[in-house]
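> Starting off with a structure, shown below.
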Amino acid sequence: MKLADFDFDLPEALIAQRPASPRDSARLLQVGATLADRSIRDLPDLLRPGDLLVYNDTRVLKARLIGQRGAARVEITLHKNINANTWRAFAKGSKRLKSGDRLVFADGFWADVTDKSDGGDIGVAFSHSGPGLMAALEQHGAVPLPPYIKRAAPERQDESDYQTVWAAKDGAVAASTAGLHFTPALLNDLAARGIGRTALTLHIGAGTFLPVKTENVADHTMHAEWGEVTAAAIAAIEATRAKGGRIVAVGTTPLRLLETVAKDNNGKLVPWAGETQLFCLPGFRFRAVDLLFTNFHLPKSTLFMLVSAFAGLARMQAAYAHAIAERYRFFSYGDATLLERA
């Protein structure tokens, strides 16, 4: 398939700069054999008792750091964890950086540049490691908002807005944005309806924003992200299946993780931890997920390709055209869709 198959024109005014308030007051487009305009608050009625929400419990780090290399100002954004004190990072003005440079972010908190890749990112080894590094990032870092959210700098409100209600495990540098719509009140309504939930972990990297540049989309190399599926999550999924319930992925990240495990194990879900580079294009065989709750995605992105694989390209093209005409709000802070599997 060609990259142009996944392109569409999006008015810039529809790119949400702030979330709906409260979160669950956003709009929801239900996409199946027909399209229906709903609200996030309708979700309990759109699901069935016995269905299971599978969500991503990753927590977004304050991965944007501003420091000094001598007298020069340097800004880096962490995107991939290597070990307890080493990350890959994107740097503004990276051409001026070289191996051995020290980047100072605060008194006693610094990182040394270890290398530069052909792709333009750098390796950084921090003065802190493990929990100490997490604490230093929390104190000195900033929320790594996506580039399409236009801010001179992240605001204090973004620290809560760009974090899901169930964020628990440090490691992501981008939010699981479908989860941003959930509130304690909505979770209570879902539980009262008899809809269960279970957690997976996938630490989302900044690679999620990288554009596809190959004309033949199958030639694109997918970025890798670390995830974990626990025995407890599998037990919840198997119990749901046994009772006739449906598996509802809250976002593309739990879907990619479950489908990675199913693909690697001939359809069977087993406890699993590792990196996934799963790239879902139309024709992909989905085995683990029945419904997908997800935001509206960028044109020509791997995520729009994924939802087109899940619900059908023609159906998603029609859904996005409807959403644009009806002035839905797009991307991380925008509205959502509930997709039936084609």
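> Please determine, by comparing only the residues of the range 26-44 that are touching a Leu at 6+ places or on another chain (Cβ under 9 Å) and among the basic types (Lys, Arg), which one is least open to solvent (accessible area, probe 1.4 Å).
Top of the filtered list is ARG38.
> Take the residues of the range 262-283 that are within 25 Å of VAL212 (Cα to Cα) and assigned to a loop (DSSP other than H, G, I, E, B): which is most open to solvent (accessible area, probe 1.4 Å)?
GLN277
> What number of residues in the range 12-25 are part of a loop (DSSP other than H, G, I, E, B) and either in contact with a Phe, Trp or Tyr (Cβ under 9 Å, 6 or more places away or on another chain) or open to solvent by 80 Å² or more (accessible area, probe 1.4 Å) (or both)?
6
> Further question on the same structure: In the range 290-338, how many residues are open to solvent by less than 20 Å² (accessible area, probe 1.4 Å) and farther than 26 Å from ASP219 by Cβ?
Selection size over the range 290-338: 14.
> Could you tell me whether ALA84 is assigned to a strand (DSSP E or B), more than 22 Å from PRO211 (Cα to Cα) and either touching a Phe, Trp or Tyr at 6+ places or on another chain (Cβ under 6 Å) or open to solvent by 20 Å² or more (accessible area, probe 1.4 Å) (or both)?
Judged against the criteria, ALA84 is not a match.
> Restricting the search to the range 26-59, which residues are within 20 Å of the chain's Cα centre (by Cα) and part of a loop (DSSP other than H, G, I, E, B)?
ALA26, ASP57
> Keeping to the range 90-142, report how many residues are open to solvent by less than 20 Å² (accessible area, probe 1.4 Å) and among the β-branched types (Val, Ile, Thr).
Selection size over the range 90-142: 3.
> Any residue in the range 21-47 that's closer than 14 Å to TYR333 by Cβ: show its pairings with residues that are charged (D, E, K, R) and in a strand (DSSP E or B) at Cβ separation under 8 Å, as long as the two are six or more apart or on different chains.
Once the first residue is closer than 14 Å to TYR333 by Cβ and sits in the range 21-47, its partners that are charged (D, E, K, R) and in a strand (DSSP E or B) give ARG27/ASP37; ARG27/ARG38; ILE40/ARG27.
> While we're on this one: Over 30 Å from SER21 (Cβ atoms) and not β-branched (Val, Ile, Thr), is that true of LEU269?
Judged against the criteria, LEU269 is a match.
> Scan the range 200-227 for residues that are among the acidic types (Asp, Glu) and surrounded by fewer than 17 Cβ atoms within 10 Å (Cβ to Cβ) and jot them down.
Those that are among the acidic types (Asp, Glu) and surrounded by fewer than 17 Cβ atoms within 10 Å (Cβ to Cβ): GLU215, ASP219.
> Just for the range 194-217: of the residues that are at pLDDT below 95 and more than 16 Å from the chain's Cα centre (by Cα), which one is nearest to LEU255 (Cα to Cα)?
Checking each candidate, the answer is VAL212.
> Contact list please: Cβ distance under 6 Å, first residue in the range 218-242 and closer than 15 Å to TRP272 by Cα and of a type outside the set (A, V, I, L, M, F, W, C), second residue open to solvent by less than 60 Å² (accessible area, probe 1.4 Å) and assigned to a helix (DSSP H, G or I), pairs at least six apart or on different chains.
As it stands, the answer is GLY227/LEU257, since those pairs meet every condition given.
> Taking the range 99-127 only, how many residues are of a type in the set (Lys, Arg) and more than 18 Å from LEU137 (Cβ to Cβ)?
1
The values are calculated or read from the model by the stated rules, or taken from the named source; none is laboratory data. Quick caveat: nothing in here was measured; it's all calculated off a predicted structure. Here the Cβ is made from the backbone with ideal geometry for all residues, glycine too, and neighbour counts use every protein chain on show. Surface accessibility is based on the protein's heavy atoms, side chains included, excluding ligands, DNA and RNA. Shrake-Rupley method; radii C 1.70, N 1.55, O 1.52, S 1.80 Å.
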